[in-house]
């Protein structure tokens, strides 16, 4: 019997650590001969583009390089699987490829949308009495999957955001003039990643002075008042804002395009607020969009996150070996006192297409800052620096051969 | 006798390593009692805001923290010193503060504009027969100072740019669709930093496919043709572009504001080209502005750069001890075979207000790429990773006490 693994959705710094975890554990599974990788997520199975990972991840060095390489080594897709009722031929095609390669289990590393695929496929295989197991491995910098304490990819993104914020605080506080810095942070629906921008507070730092999450209402008037209030205490006011904050009057600045899953493409909240400060306050103002850097900055990945991502890949394989299907591995809870994560599996149908928000009680009453409880939650997730193999002053990356 | 040191201009990841170099060497100078730091550059001398660095840089730990802290620990200024003819009172005030604190030498760590201050002040003190020596220590991520092989700050910024580009190449090549990524890189007049975006080529990587420096003419038509040509070979086309490229038709997108030195504030070349691709080609396109991150990313500083920055601080102090004034320390040349930098001092009047451009022969004939000679020049400057003291998963920073 063989198994196949694929990656999907937006890149993270640790999605390849999960791939490594799946690979290593699958090689320990006595029933498994070949671990295949499907290129471009589920599309690789539809198009029969599988690569033999046994040949490419044979050595310790290859495995170490894979672990330190950001983004999806097996590439990704944004393919939305139709329902089995609407497109039975798609399911039959997937089944045909898997049976052709004697695949007993399929592992899908991805976020919310990928979990939807795991849910549909596992239900389909059960409905046709196929023994093929389908398991999810969680991944998202957004940290918005339900039934989990946190998701792999989040800790590393948070470490990049917090590090960048900490460095920009140094950068922006050197001049003797009134200025505002606005930092726009990813997070389609939730403010988990934006909250991490407040981690410099752990050093007793006042900045960032304002933190806006999409979980609470946002208005232009209130924003300007908040900035003016903050300026009374600090000549440099630093603002962290989620790309997902909603405000009618900001919509003109946003592209309004929609992707395959119906998500709106967001851009320009930071630029929009920059213009607002320029018009309404008139001081020096700059906006910085952390953009895709925050999801692929493997050079500053969290070792905690890398280790957990790898472990979760292994947990899914172990569960499949025990006969589970339609489940996703998860860090289900933690021992808060000394941060010991508990691993487990949860039903993918309870994860897919659901969103976990930042608790309202972690946000201050005014809705313009996060409270210490949020920082205590994030802090352990960004701990540790990986030991990175370099060449020419740059990290070496693993590149898949097709 | 005492000495004073100040920092000026835009932040870098290693300007504090130069401060440390000045401090350590000045403490070894037998005639010196106190090393003062002037807050906010020359403004701190005008306003008599000096801090005793002996008290704050006493321990190995304080010195190590200073070295790993980005941006100017003594803060900065953008103050343009008027000529002594126009404003003799300013010079007299500076002299009064320095004499009040028994200052025998003033060290100014900065870029082109700060060297102008060193030039004017040293000429003034010579003209009034004052024994006060004024020495420059070079610093600029732009790498555009004349008479130098390269400048401290450049190597670390180049390492951040190259690392980010290398990671974004991974990020952007995972989907099976035609797309363009445009990365906008700092460099007011010169393309040194933008050239570093091509360092992933050292791994045999095709990307970035196009590299535009301000040293050559840039036209929208040519850019679109270049992208279309590149799309024939690669579905993902990655472009590195300097903020300083000049094109009349792009001017509407740029702010056109001017700073104290008459430099235009540049912004939005990347966004502008993004719009151009969207209108004229119509594929998926994204622009990323590396923004201030590239000048303060101490977490990925080049150890080579840190070491050289520190050494240059020491070189200026040694030269002052030998009686020099109106000079700036410099890495004047290198042994190219095994990269051994040669340190020296050069007359500041030959450095101030002059610009060193990327040689035309390091740019391809079409003006849309850099040649291997450029990469060979940059490669040794980004080598080495500093050992960083962390707490809570973040680098610890040195904060000056006033």
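The values are calculated or read from the model by the stated rules, or taken from the named source; none is laboratory data. Since the structure is predicted, the reported quantities are computational estimates derived from the model, not experimental observations. FYI the Cβ positions are ideal-geometry reconstructions off the backbone, even for glycines, and counts take in every protein chain you see.
Only one of B:385, B:402 is within 14 Å of another protein chain (Cβ to nearest Cβ), touching a strand residue (DSSP E or B) at 6+ places or on another chain (Cβ under 9 Å) and modelled with pLDDT under 95; which? Going through B:385, B:402 in turn, just one is within 14 Å of another protein chain (Cβ to nearest Cβ), touching a strand residue (DSSP E or B) at 6+ places or on another chain (Cβ under 9 Å) and modelled with pLDDT under 95: B:402.
One residue stands out among those in region A:156-174 that are within 7 Å of chain B (Cβ to nearest Cβ) and closer than 18 Å to residue A:204 by Cβ: the one that is surrounded by the most Cβ atoms within 10 Å (Cβ to Cβ), which is A:168. Looking at B:316, B:329, B:333, B:287, just one residue is in contact with a helix residue (DSSP H, G or I) (Cβ under 7 Å, 6 or more places away or on another chain), modelled with pLDDT of 95 or more and more than 30 Å from residue B:129 (Cβ to Cβ), and that residue is B:287.
Filter region B:256-284 down to residues that are at pLDDT 75 or above and in a loop (DSSP other than H, G, I, E, B) and give me whichever is nearest to the other protein chains (Cβ to nearest Cβ).
Going through region B:256-284, the residues at pLDDT 75 or above turn out to be B:268-284.
Retained after the next criterion (residues that are in a loop (DSSP other than H, G, I, E, B)): B:268, B:281-283.
Details: B:268: 9, B:281: 16, B:282: 13, B:283: 13 Å.
Filtering first and then ranking leaves B:268.
Only residues that are under 23 Å from residue A:289 (Cβ atoms), within 12 Å of another protein chain (Cβ to nearest Cβ) and modelled with pLDDT under 95 were counted in region B:175-214, giving 2. Note on region B:1-18: residues that are touching a strand residue (DSSP E or B) at 6+ places or on another chain (Cβ under 6 Å) and either within 14 Å of another protein chain (Cβ to nearest Cβ) or buried (at least 24 other Cβ atoms within 10 Å of the Cβ) (or both) total 9.
Residue-by-condition table, conditions (1) within 14 Å of chain A (Cβ to nearest Cβ); (2) surrounded by 18 or more Cβ atoms within 10 Å (Cβ to Cβ):
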residue: B:334; (1), (2): no, no
residue: B:340; (1), (2): no, no
residue: B:353; (1), (2): no, no
residue: B:370; (1), (2): no, yes
residue: B:373; (1), (2): no, no
residue: B:381; (1), (2): yes, yes
residue: B:390; (1), (2): yes, no
residue: B:395; (1), (2): yes, yes
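Taking the condition touching a helix residue (DSSP H, G or I) at 6+ places or on another chain (Cβ under 7 Å) and under 21 Å from residue A:10 (Cβ atoms), does residue A:57 pass? Reasoning before the result, please.
Details: touching a helix residue (DSSP H, G or I) at 6+ places or on another chain (Cβ under 7 Å): yes; under 21 Å from residue A:10 (Cβ atoms): no.
When the stated conditions are applied, residue A:57 does not pass them.
Within region A:348-378, restricting attention to residues that are touching a strand residue (DSSP E or B) at 6+ places or on another chain (Cβ under 6 Å) and closer than 18 Å to residue A:329 by Cβ, the residue that is modelled with the lowest pLDDT is A:351.
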